[in-house]
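Following: one structure in structure tokens, then a few remarks.
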Amino acid sequence: MEREFDEIYRKYANDLYKFILRLCGNEAVAMDIMQDTMLKAITSIDKFDGICSIKTYLCTIAKNNYFNYLKRAENRGIPLDDVEQISDGTSFEESLDDKEQAMLIHRALHKLEEPYREIFSLRVFAELKFSDIAAVFGQSENWARVTYYRAKKKLLEMWPASNQ
């Protein structure tokens with residue numbers, strides 16, 4: 001079992017870290033969440049039913065860990081702007097190539113209701129296949145494609161509103 005976990009870690013840790021970093025924009029937080037995700041995955045491996053890929057399973061755990069992190073920060077009264085600070089003191093938006101556009105996209109994305117927000121994030125940030133997204137939700141691949149299309153359409157409709 002330990003050997004299998006080492007192989008999973010070597011194979012997916014870098015992609016998982018990048019996915020989490022895209023979510024939070026903070027290298028230290030991304031590393032912590034990635035480590036927590038791997039620990040949770042190994043301790044709850046018996047819950048993995050094989051319906052989706054290991055990468056999808058790990059990204060789902062990571063996303064949930066990130067949302068839990070945000071809830072804990074909010075409950076402690078830490079402003080989310082402070083949570084999104086990178087370790088050198090620059091904000092998340094300052095670290096992106098097109099800072100303003102990236103923030104507008106993230107603001108619009110956070111206004112999306114579920115499952116659109118999650119499907120869009122899994123497709124764009126985690127770069128998951130529609131079949132893997134469908135497996136996470138227990139739906140068909142066509143459902144995942146249609147829902148992603150609708151999420152993208154909703155974001156485009158919201159775009160002028162998020163530019164204000």
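All of the numbers you see were taken from the coordinates with simple rules; none came from a lab. All figures in this text were calculated on a predicted structure; none of them were measured in a lab. Ideal geometry is used to build each Cβ from the backbone, glycine not excepted, and the neighbour counts take in all protein chains shown.
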Practice item. Could you calculate the FRET efficiency of residue 113 with residue 51 from 1/(1 + (r/R0)^6), where r is the beta carbon distance between them and R0 is 30 Å, rounded to 0.05? Key: 0.75
Point to revise | Hits among lysines - C-alpha to C-alpha of residue 129 under 20 Å, sequence gap 8 or more where chains match | key: 11, 18, 55, 63, 152, 153
Check your understanding: Which FRET efficiency, nearest 0.05, do residue 44 and residue 152 yield, Cβ-Cβ r, R0 41 Å?
Key -> 0.80
Point to revise | Förster radius 25 Å - calculated FRET efficiency between residue 4 and residue 31 (Cβ-Cβ, nearest 0.05) | key: 0.65
Revision key, fill the gap. If each part is reduced to its alpha-carbon centroid, the range 1-22 and the range 112-150 end up apart, in Å, by 22
